[in-house]
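Q: Okay, here's the structure, questions in a sec.
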Amino acid sequence: MSEDGTPVTLYIYDLSKGLAPAISPFLIGEVVEGIWHTSIVIYGKEHFFGSDGISICDPGGTVLGEPQRTVDLGVTYIPRAVFDDYLEGLRSSTFKGDQYKLLKHNCNNFSNELSQFLVGQKIPQYILDLPEHILAKLSGSGFGQQLNGILSNLSASIQPTNGRREDSPDYVQLTSAIEEASGEIFSEVSRYREEQSRMSEPVEVIPSAENGGNHVTSQEVDDLEAEERREREERKKMRDPPVVFRDLLDIRVEFDALVGLIDGKLSPEEMQSLEELHQYMLEDEGSWALGDSFLTFIDRLLHDKTLSEEVAIKTLNVLACAALKDDVILLLHQDRKEHILMNYANEVDRLPLEQQKGLALFMCNLFENISSSEWMLYISEWQLGTTQISNIRVTTKVAVNSLLSDNADLKDRGSAIVHNLACKEVKTVVFDDVAVELTMAILQFFNSSPPEEHLFRCMKALTRFCQISSQDVPQLIQMIGPNPSTFKGKSERIDNCIAEISKKLR
């Protein structure tokens, strides 16, 4: 410990992985920013409390990866030996593993205990108040009890990793649990929205503390949704903007063309799904309007060989427009069991050119919203034929296939997907092997004399991949080439990227 003391830092993680702002208005009648898990970093180690008791690892070394935010709590002058003795006392008394309770005696209580011991102050009050607040709101609710169980399972999965996070069984378990929870929660929200849409008068739907325990009206629900949208916009402003194609298509033109192609060829159930699509895309209804059979309808439009090939193209164009809507995640989570969209995308290299272009546009536009972009990076695997695939593998495959195409439109969209993958606001979601695969595609792409815009997107991605995979990616650049310095002078922004990459090269 120096004369200036030892810094004490609070690491803050969101167990909901960004879901909390979207679902909390429908569950408890107000926006909750996150479901917080915290730890204390001191003496070069991260300390946290869970169902296994007190754990210690390198900073950011749990299956949660990097924290969503950090808070400098101050400095401590307590000797490390004294701290270690104190920690052992907690380990054998108030913070045994069997005493862990998600909402009453959890990681945040432990962080608060350490903070008061080390620097004489509490951690932020909003973190300490949240569990009790949620418990009070959800008490007596069947779905609230279900959510409690989901979060308990997530919390129990938080363990230090030994090596890369993506290789850790705990990481896979945690990510799979989050994905499953996402689907369950969004399905519940979707059902709730559908019920609300069918009620013409204000009704009692959600408990609200603001009205003394009564129920909020439909107008108050609208206000909550507006606040939720504002929260999402604030998060968007803080991230690296994705490259998407907002004005490339006219949804009304694309939808009318699709209707003309399939008119008279649909069953009554499929006609209902077409009407649902009309409500969602042209009448600006929420994605709750899409029924349980909607994706089966989409599956037929994409695969039925008795229909014109143009049907699949127009379907993909409509989906590309839908990808820009802020609630498209509800549609994506409907597909968590059948994987209709990703199974189709996995065949990208076998599709006709125009379908490849439509698919790449759809996947690129999914980066518009944080929740849908994270969906594309899920690692949970399923069996397709003799192959194990996952969302992240398929997303990477589409990106590489598009980037290395001979078609200018596909190259444009492929460079955008690669850029968006690299610039995700949670950098650790792009794993080493993905970074390496995309790097190899980028280096091959560089040999095609790309235009400045495409070159910049890929050079920016390469800069990020050098950070994510600090050994493998620089070695690949040196072994395979071309050296990024070859492109010096193309533009100032490209030169800035080259300078950053050069720092990583030996």
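Q: In whole percent, how big is the carbon plus sulfur part of the accessible area of region 315-419, probe 1.4 Å, protein atoms only? All intermediate terms of the calculation are to be shown ahead of the outcome.
A: Working: 1440 of 3130 Å².
Roughly 46 percent, rounded to a whole number.
Q: Using the Karplus curve 6.51 cos²θ - 1.76 cosθ + 1.60 with θ = phi - 60°, what ³J(HN,Hα) values do you get for each residue of region 298-311, in whole Hz, with x for Gly and Pro?
A: 3J(HN,Hα) across region 298-311, in whole Hz: 4, 4, 5, 4, 7, 10, 5, 6, 7, 9, 4, 4, 5, 4.
Q: Looking only at region 48-63, which residues have a backbone nitrogen under 15 Å from a spot 7 Å from the Cα of HIS105 in the C-beta direction?
A: Within reach of a label on HIS105: 49-54.
Q: Residue-wise, which Karplus ³J(HN,Hα) couplings in Hz belong to region 6-13, taking 6.51 cos²θ - 1.76 cosθ + 1.60, θ = phi - 60°, and x for glycine or proline?
A: Those phi angles translate into 10, x, 10, 10, 9, 9, 10, 10 Hz.
Q: What is the gain in length, in nm to one decimal, between VAL253 and ARG493 on full extension, counting 0.36 nm per residue of separation less the C-alpha to C-alpha distance?
A: Working: separation 240, 0.36 × 240 = 86.40 nm, distance 3.69 nm.
So the chain would gain 82.7 nm between VAL253 and ARG493.
Q: If DNA, RNA and ligands are ignored and the probe is 1.4 Å, what is the ranking of SER405, SER470 by accessible area, most exposed first?
A: Working: SER405 20, SER470 70 Å².
In descending accessible area the options line up as SER470, SER405.
Q: Expressed as a whole number of Å, what is the distance separating the alpha-carbon centroids of region 444-460 and region 30-47?
A: 39 Å
Q: Hey, another quick one. If packing is taken as the average number of other Cβ atoms within 10 Å across a peptide's residues, how do 60-66, 411-417, 116-122 rank, most packed first? Provide the component values of the computation, followed by the final result.
A: Values: 60-66: 20.1, 411-417: 26.4, 116-122: 15.3.
Most protected by this proxy first, the peptides run 411-417, 60-66, 116-122.
Q: How long is the gain from GLN272 to ASN447 if the chain were fully straight, where each residue apart is worth 0.36 nm and the alpha carbon distance is subtracted?
A: On the way: separation 175, 0.36 × 175 = 63.00 nm, distance 4.91 nm.
Stretched out fully, the GLN272 to ASN447 stretch lengthens by 58.1 nm.
Q: Can you tell me which of 294-301, 442-449, 260-267 comes out highest on packing, and rank the rest after it, using the mean Cβ neighbours within 10 Å? Provide the component values of the computation, followed by the final result.
A: Numbers: 294-301: 20.2, 442-449: 17.1, 260-267: 12.6.
Packing proxy ranking, top to bottom: 294-301, 442-449, 260-267.
Q: Here's a follow-up. Quickly work out the THR486-to-LYS337 label distance, labels modelled 7 Å from Cα along the C-beta direction, and quote it in nm with one decimal.
A: 5.1 nm
Q: Which of rounded, prolate or oblate describes region 327-433 when judged by the alpha-carbon gyration tensor and an a/c cut-off of 1.5? The partial results should precede the final answer.
A: Numbers: a/c = 1.40, a/b = 1.12, b/c = 1.25.
In terms of gyration-tensor shape, rounded.
Q: On to the next question. Between Rg and the Kirkwood Rh of region 240-350, both from Cα atoms, what is the Rg to Rh ratio?
A: Details: Rg = 13.6 Å, Rh = 14.6 Å.
Here the Rg-to-Rh quotient is 0.94.
Q: Please sort 244-255, 274-285 by packing, taking for each peptide the average over its residues of neighbouring beta carbons within 10 angstrom, highest first.
A: Values: 244-255: 14.4, 274-285: 15.9.
Put in order of decreasing packing, that is 274-285, 244-255.
Q: Can you tell me how region 404-506 classifies by the Cα gyration tensor, rounded, prolate or oblate, using a/c under 1.5 as the rounded cut? Don't skip to the answer; put the middle values down first.
A: On the way: a/c = 1.42, a/b = 1.12, b/c = 1.27.
Rounded.
Q: Within the set of other residues whose C-beta is less than 14 Å from the C-beta of GLN383, count the net charge using Lys and Arg as +1 and Asp and Glu as -1.
A: Numbers: positive: LYS337, ARG393; negative: GLU338, GLU381.
Charge balance in the 14 Å sphere: 0.
Q: Now for a different question. When only alpha-carbon atoms are used, what values of Rg and Dmax, in angstrom, describe region 41-114?
A: Expressed in Å, the Cα Rg and Dmax of region 41-114 come to 12.4, 32.
Q: With no solvent and one point per C-alpha, what does the Debye sum give as log10 I(q)/I(0) for region 359-422 at q = 0.14, 0.15, 0.28 Å⁻¹?
A: Debye output, listed in q order: -0.40, -0.45, -1.14.
Q: Given the pairs LYS325/LYS504; LYS265/LYS357; LYS337/LYS424, which span a C-alpha to C-alpha distance of over 27 angstrom in this model?
A: Numbers: LYS325/LYS504 38 Å; LYS265/LYS357 25 Å; LYS337/LYS424 25 Å.
Cα-Cα > 27 Å for LYS325/LYS504; rest within.
Q: Expressed as a rounded percentage, what relative contact order does region 252-402 have, with Cα pairs under 8 Å and six or more residues apart?
A: After rounding, I find 21 percent.
The values are calculated or read from the model by the stated rules, or taken from the named source; none is laboratory data. Bear in mind that the values here come from a model prediction, so they are computed numbers and not experimental data. Backbone-built Cβ (ideal geometry, glycine too); neighbour counts: all protein chains shown. Surface accessibility is based on the protein's heavy atoms, side chains included, excluding ligands, DNA and RNA. Shrake-Rupley method; radii C 1.70, N 1.55, O 1.52, S 1.80 Å.
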